[in-house]
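Q: Following this message is one structure expressed as structure tokens.
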Amino acid sequence: MPVMVGRHLNRIDRKGRVSVPKSFRDVLQEQGGGFAGIYAYALINEPGVEGCGETFMTRLAASVEQYGLFSNDHDEFALALLENAHQLPFDPEGRVTLPAELIGHAGLDGEVLFVGRGGRFQMWSPVTYQRHREEAMSRLKSRGATLQLRPKDEALG
């Protein structure tokens, strides 16, 4: 299954409309799910926005359900990830309209940096993302981090 990779900078207009990179739209279409658009929600620990297709959103909802129905974990993850998610359909040009709530959370003003994350992607203010990227790369280097590859037959999703 194809994945979303790389960084793509797009303009956001005064109405909050931004074009989702075509390569990302193609991956979302191949993932399926029936909804022609994206799901978007504020990142919990960072000033950015996570975007995904219906397939990943369904997995996310199922993951929340692993917690006891009335537990704090269930309620808090449902609030942060499901209650605050937005279903954003594509217009004929492949754009979505980001809600003011998400624009404010990510501090988006004029440009949106789309960042591939495999089966999903993130949207950032370019300046904020550059700072985040530098800090993350520094942490990886200082830890001497390594990555163990998953077996070839395990699909990303």
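The values are calculated or read from the model by the stated rules, or taken from the named source; none is laboratory data. Because the structure is predicted, anything quoted here is derived from the model rather than measured. Using ideal geometry, Cβ is built from the backbone for each residue, glycine included, and neighbour counts are taken over all protein chains shown.
Q: Against the definition (at pLDDT 95 or above, surrounded by fewer than 20 Cβ atoms within 10 Å (Cβ to Cβ), outside any loop (DSSP other than H, G, I, E, B) and not charged (D, E, K, R)), how does His74 come out, yes or no? Write out each step before concluding.
A: Numbers: at pLDDT 95 or above: no; surrounded by fewer than 20 Cβ atoms within 10 Å (Cβ to Cβ): yes; outside any loop (DSSP other than H, G, I, E, B): yes; not charged (D, E, K, R): yes.
Judged against the criteria, His74 is not a match.
Q: Among the residues that make up region 131-142, is at least one of them on the phi < 0 side of the Ramachandran plot, out of contact with any Pro (no Cβ under 9 Å at 6 or more places or on another chain), in contact (Cβ under 8 Å) with a residue 24 or more places away in the chain and surrounded by 14 or more Cβ atoms within 10 Å (Cβ to Cβ)?
A: If we filter region 131-142 for residues that are on the phi < 0 side of the Ramachandran plot, which is where we start, we get 131-142.
Among the residues that remain, those that are also out of contact with any Pro (no Cβ under 9 Å at 6 or more places or on another chain) are: 131, 133-142.
Then drop every residue that is not in contact (Cβ under 8 Å) with a residue 24 or more places away in the chain, which leaves none.
Scanning region 131-142 turns up no residue that is on the phi < 0 side of the Ramachandran plot, out of contact with any Pro (no Cβ under 9 Å at 6 or more places or on another chain), in contact (Cβ under 8 Å) with a residue 24 or more places away in the chain and surrounded by 14 or more Cβ atoms within 10 Å (Cβ to Cβ).
Q: While we're here: I'm trying to understand the selection: among the residues of region 94-129, which are surrounded by fewer than 21 Cβ atoms within 10 Å (Cβ to Cβ), among the charged types (D, E, K, R) and within 23 Å of Val5 (Cβ to Cβ)?
A: Arg95, Glu111, Arg117
Q: Consider region 33-81. How many of its residues are touching a residue at least 40 places away in the same chain (Cβ under 8 Å) and of a type in the set (A, V, I, L, M, F, W, C)?
A: 10
Q: Would you say Arg150 is in contact with a Gly (Cβ under 9 Å, 6 or more places away or on another chain), under 20 Å from Val27 (Cβ atoms) and basic (Lys, Arg)? Outline the logic, then answer.
A: Values: in contact with a Gly (Cβ under 9 Å, 6 or more places away or on another chain): no; under 20 Å from Val27 (Cβ atoms): yes; basic (Lys, Arg): yes.
No; evaluated as a whole, the condition is false for this residue.
Q: What pairs come up if the first residue lies in region 98-127 and is under 21 Å from Gly53 (Cβ atoms), the second is of a type in the set (Lys, Arg), and their beta carbons are under 8 Å apart, counting only those six or more places apart or on different chains?
A: So the pair list comes out as Leu98/Arg17; Val112/Arg11; Leu113/Arg7; Phe114/Arg7; Val115/Arg7; Gly116/Arg7.
Q: Kindly indicate which of Gly68, Gly48, Gly110, Gly116 is at positive phi and of a type outside the set (Asp, Glu). Explain how you work it out, then say what you get.
A: Details: Gly68 fails: at positive phi; Gly48 fails: at positive phi; Gly116 fails: at positive phi.
Testing whether each residue is at positive phi and of a type outside the set (Asp, Glu) leaves just Gly110.
Q: Only residues that are in contact with a His (Cβ under 8 Å, 6 or more places away or on another chain) and basic (Lys, Arg): list them for region 37-93, please.
A: Hits for region 37-93: nothing passes.
Q: Would you confirm, using the coordinates I've provided, whether Ile38 is closer than 18 Å to Arg117 by Cα, aliphatic (A, V, I, L, M), modelled with pLDDT of 90 or more and in contact with a strand residue (DSSP E or B) (Cβ under 8 Å, 6 or more places away or on another chain)?
A: Details: closer than 18 Å to Arg117 by Cα: yes; aliphatic (A, V, I, L, M): yes; modelled with pLDDT of 90 or more: yes; in contact with a strand residue (DSSP E or B) (Cβ under 8 Å, 6 or more places away or on another chain): yes.
Yes.
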